[in-house]
Amino acid sequence: LPLPRVSASSGAPLVLKVVLNRCDGSSKPFEITTLNGFDDFPLLGAVSDTTVGEALRKGSSGSIRVAGVTSVPFGPARHGPNAVTSHIGTPFRIESAVWTLRGQTLQLTWVNPNGRAQGLIPVAVAETVGFILSATADVDQFRQTTSATVTVVPEDTSGATADLYASRINSGAPSRPISRRRDFTGVA
């Protein structure tokens, strides 16, 4: 999953190094540890863009931000230390085990307040000094709520891949086993 962000000072891409914390061959979401991220928020997880427990679904403009978080039990979002709250002071809900792996592609999955997993589509939201990596279940609805440029990463606006994987998680369908630990480098 590319994380498009450009350094404000040099213009050169920053590289975020991560480790996938994958301990078994199940299709359950897992955590990703950053090797060179924030010390206080060592996991690359999801931070709700609202202070209320809004469900992310088709037809909703809701979104999450991919950011540094701490570990929380798998399930619907809960309050926990995270980089967004630390930066702006507003307490947001987080999820840490939001990643699944399909082949060599990382997928984002959010657990809604009702306990159902929702596959998300990663989007880069243009900001003054770079991009914020966010994700939403409905790109068209999300675009209607922001004046910023929103780019789908990767280019899959249908959400079909995310929906398919979320349905596998909700049904408990097995996936093929993968290694216990894999190192990936992405551009951040």
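The values are calculated or read from the model by the stated rules, or taken from the named source; none is laboratory data. Since we're looking at a predicted model, the values are computed, not measured. Virtual Cβ from ideal backbone geometry, glycine too; neighbours counted across all protein chains shown. For the accessible areas, the whole protein counts, side chains as well, though only heavy atoms, and no ligand, DNA or RNA atoms are used. Shrake-Rupley method; radii C 1.70, N 1.55, O 1.52, S 1.80 Å.
Phi angles across segment 111-116 convert, under the Karplus curve 6.51 cos²θ - 1.76 cosθ + 1.60 with θ = phi - 60°, into 3J(HN,Hα) values of 9, 6, x, 7, x, 8 Hz, Gly and Pro given as x. Extending 7 Å from the Cα toward the beta-carbon at both V152 and R57 defines two label points whose distance is 2.2 nm. Of the peptides 28-36, 96-104, the ranking by mean beta-carbon count within 10 Å, highest at the top, reads 96-104, 28-36.
Take R65, R116 and sort them by solvent-accessible surface of the protein heavy atoms, 1.4 Å probe, largest at the top. Don't skip to the end; give the middle numbers.
Numbers: R65 80, R116 130 Å².
These residues rank, largest area first, as R116, R65.
Each Cα pair under 8 Å and six or more residues apart adds its sequence gap; the mean of these over the residue count of segment 49-116 is a relative contact order of 33 percent.
Give me the percent of the accessible area of segment 38-131 that comes from carbon and sulfur atoms, probe 1.4 Å, all protein chains in place.
Answer for segment 38-131: carbon and sulfur cover 54 percent of the accessible area.
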